[in-house]
Each structure stands twice: as C-alpha cells, then as structure tokens.
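What follows is a set of notes on a single structure, which appears directly below.
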Amino acid sequence: MRMSQDNIRYEQVKIICAEDCGNAPKKQFLRAFHVALVCNDIGFFMENITEEIQWNVIGSHVLQGKDQIFGMIEKWNHKTPTELVINNIITHGYSGSLNGILNFENNASCAFCNIYRFNSSLNKTKIKEITSFIIDISK
C-alpha cells in the first residue's frame with residue numbers, strides 16, 4: 001500500500017457543517033475524518049482506522065482490512081468533489097454517525113449516512129467498522 005499525498009483537495013472542497021457538529025471531541029474527529037476522505041487526505045484517513053477494519057457499503061460491497069479500503073479509495077480519486085454538507089454528527093460510547101450530501105464537479109450528488117464503530121469508548125481511538133448508506137440524488 002503506497003499512499004500519495006499529491007492530490008489533497010482541502011482548498012477545493014467547500015465544507016458546510018451544522019454548528020452543533022463540533023461540540024465534542026468524537027464529533028470533531030468524525031468531521032475531520034470524513035472531510036479527509038472527501039478531500040483525498042488518504043494519510044489522515046488510513047492513520048485513523050484499524051488494520052482489521054470492515055467497511056460495508058450497503059447494496060454494493062463489503063471491504064475487509066486497510067489494503068482493500070485503500071484500493072477502493074484510489075479508484076475514487078478521479079471523482080472531483082466540490083461541496084460537502086454535513087447535517088448531523090452523533091456519537092455515544094463506541095458508536096458514531098454522520099450524514100449529509102456530497103456534490104461533485106459534474107453536477108452529480110449523493111446523500112449519505114455513515115455509521116461508525118470505534119475501537120474503544122475513549123476519545124482518542126480508531127475506527128474499526130463503517131456502514132455506509134449512499135443514495136444518488138443527482139438531478
């Protein structure tokens with residue numbers, strides 16, 4: 001697994017986040033984690049998941065381990081996001097959730113809800129499981 005930092009897009013993606021989404025350490029972490037994924041900051045993303053992570057994209061596929069997830073993220077690199085709208089971030093103990101809308105350069109949009117399972121209930125922890133519901137809402 002070779003991570004390239006050549007195409008990080010923090011300055012190219014407009015981030016809109018509800019005010020109450022940042023008032024707890026795990027909420028701040030999930031916001032930063034999802035922004036890193038959208039902005040192609042693969043290093044930050046990969047540093048904050050466990051080796052044995054499982055990612056279930058409902059209705060599509062299940063990925064197991066960092067290598068499979070890295071491969072999927074590299075395939076997404078051709079998509080150019082323009083705006084990330086985060087509506088809600090909820091955390092409690094070992095669990096968290098984040099939902100919103102992601103808009104792309106080609107007028108494509110998707111609504112999403114990600115449910116996260118943390119490695120522990122501590123604030124400084126890694127993600128060990130992600131379940132994603134993604135719906136194409138392009139006009």
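Data overview
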| read-out | value |
| --- | --- |
| For segment 37-58 and segment 123-139, distance of Cα centres in Å | 10 |
| Over the chain: helical MRE at 222 nm, DSSP H runs n ≥ 4 each giving -39500 (n - 2.57), nearest 500 | -6500 deg cm²/dmol |
| Theoretical gain in end-to-end length, Val85 to Ile16 [0.36 nm per residue, Cα-Cα removed] | 24.4 nm |
| Sorted by Cβ density within 10 Å, fewest first, the residues His78, His34 | His78, His34 |
| Anisotropy class of segment 14-136 from Cα gyration tensor, a/c 1.5 cut | oblate |
| Relative contact order computed over the chain (Cα-Cα under 8 Å; 6+ residues apart), in percent | 24 |
| In nm, spacing of pseudo-spin labels at Phe133 and Glu47 (7 Å Cα→C-beta vector) | 3.2 |
| Within a Gaussian network of the chain (alpha carbon springs, distance under 10 Å), most fluctuating of Lys75, Lys128, Lys27 | Lys75 |
| Above-threshold pairs, the threshold being 18 Å between Cα atoms, out of Lys27/Lys124; Lys14/Lys66; Lys75/Lys128; Lys14/Lys75; Lys26/Lys128 | Lys14/Lys66; Lys75/Lys128; Lys14/Lys75 |
| Net charge dipole size for segment 14-136 [Lys, Arg +1 and Asp, Glu -1 on Cβ; Debye, nearest 20] | 260 |
| Net length gained if the chain between Gln64 and Asn123 were fully extended (0.36 nm per residue, minus Cα distance) | 18.8 nm |
| Residues Leu37, Leu30, Leu122, sorted so that the one with the fewest Cβ neighbours within 10 Å comes first | Leu122, Leu37, Leu30 |
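Readers should treat all values here as calculations from the given coordinates under stated rules, not as data from a laboratory. No experiment lies behind these values; they were computed from the predicted model shown. All Cβ positions, even for glycine, are placed from backbone atoms using ideal geometry, and neighbour counts span all protein chains on display.
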